[in-house]
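What follows draws every value from the coordinates through simple rules; no lab data is involved. Small disclaimer: the values here were computed from a predicted structure and weren't measured. All Cβ positions, glycine included, derive from the backbone under ideal geometry; neighbour counts span all protein chains shown.
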Amino acid sequence: MEWWQLLLYILAIIALIWLALLAIDISSILGFKSKLEKRTVAFSVLFMEKKDILLTIYAMFDEKKAEFSSSLNKAAAQVRWMKLEAMKSDEIENNVNLLNDFEKRLALLGHKYPFFENDEDYEIYWTTLQDLNANYRRNVANYNSEVLGYEYWRKFIIFRPFTYLFGFREKKRLN
């Protein structure tokens with residue numbers, strides 16, 4: 001066997017190993033990408049539940065004829081028309097800020113007008129909001145761990161140009 005034939009065999013083996021590793025890399029990226037999509041669906045569900053509860057509390061205050069500031073009415077309108085489907089990380093953070101701002105404004109209104117001091121439904125709504133906030137924090141931790149895995153495989157040094165060509169772009173962690 002000639003030296004160049006041996007060199008071709010070695011290069012062919014290296015190329016096959018490289019292709020196998022590329023396939024593993026791409027499958028890992030696809031796995032993390034699908035997990036991230038499932039996490040964003042979970043955020044959508046959490047946000048829909050929180051939105052419904054906050055708007056219900058807002059309606060309870062409206063029934064009691066509480067005086068609303070224009071900023072509270074504006075926050076309620078923004079929450080009503082939030083986009084909750086097919087969110088990206090920037091939209092998730094924006095929606096969290098809108099919901100948390102509205103929640104804080106309603107809490108301040110609850111301290112100003114103690115209409116529901118012994119109302120069991122009102123207390124259940126606030127307890128549910130606390131549970132949703134805890135679930136959100138858990139979901140953020142899981143999302144960020146999935147982003148770390150995705151970014152690790154996406155930035156694997158010998159495959160970085162190929163992952164970029166295949167359309168795998170950077171994902172940002174949530175705060």
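Contact annotation: residue pairs with Cβ atoms under 7 Å, 6 or more positions apart or on different chains, pairing a residue in region 24-51 that is within 16 Å of ARG137 (Cβ to Cβ) with a partner that is of a type in the set (D, E, K, R), are ARG39/GLU146.
Taken over region 72-88, the criterion of being in a helix (DSSP H, G or I) and either in contact with a Lys or Arg (Cβ under 9 Å, 6 or more places away or on another chain) or of a type in the set (S, T, N, Q) (or both) is satisfied by LEU72, ASN73, ALA75, ALA76, GLN78, VAL79, ARG80. Residue under question is PHE156, and the condition is that it be closer than 30 Å to ASP25 by Cβ and either without any contact (Cβ under 8 Å) to a residue 12 or more places away in the chain or surrounded by 15 or more Cβ atoms within 10 Å (Cβ to Cβ) (or both); does it hold? Here the answer is yes, as PHE156 does meet what is asked.
Candidates ILE57, ILE124, ILE92: the one that is part of a helix (DSSP H, G or I) and within 15 Å of the chain's Cα centre (by Cα) is ILE92. Residue pairs whose Cβ atoms lie under 6 Å apart, separated by 6 or more positions or on different chains, with the first residue in region 123-150 and touching a residue at least 24 places away in the same chain (Cβ under 8 Å) and the second surrounded by fewer than 14 Cβ atoms within 10 Å (Cβ to Cβ), are ASN144/ARG173; VAL147/ARG173.
Taking region 29-73 as the region of interest, how many residues are of a type in the set (A, V, I, L, M, F, W, C), over 21 Å from TRP126 (Cα atoms) and surrounded by fewer than 16 Cβ atoms within 10 Å (Cβ to Cβ)? Walk me through it before giving the result.
The first filter runs over region 29-73 and keeps only residues of a type in the set (A, V, I, L, M, F, W, C), leaving 29-30, 32, 36, 41-43, 45-48, 53-55, 57, 59-61, 66, 68, 72.
After this cut, where a residue has to be over 21 Å from TRP126 (Cα atoms) as well, the list is 29-30, 32, 36, 41.
Okay, now just the ones that are also surrounded by fewer than 16 Cβ atoms within 10 Å (Cβ to Cβ), so 30, 41.
Residues flagged as of a type in the set (A, V, I, L, M, F, W, C), over 21 Å from TRP126 (Cα atoms) and surrounded by fewer than 16 Cβ atoms within 10 Å (Cβ to Cβ) within region 29-73 amount to 2.
For the residues LEU6, LEU21, LEU36, the requirement of being assigned to a helix (DSSP H, G or I), under 30 Å from ILE158 (Cβ atoms), touching a helix residue (DSSP H, G or I) at 6+ places or on another chain (Cβ under 6 Å) and aliphatic (A, V, I, L, M) singles out LEU36. For region 89-106, a residue qualifies if it is in contact with a Lys or Arg (Cβ under 6 Å, 6 or more places away or on another chain) and among the aliphatic types (A, V, I, L, M), and exactly one does: LEU99.
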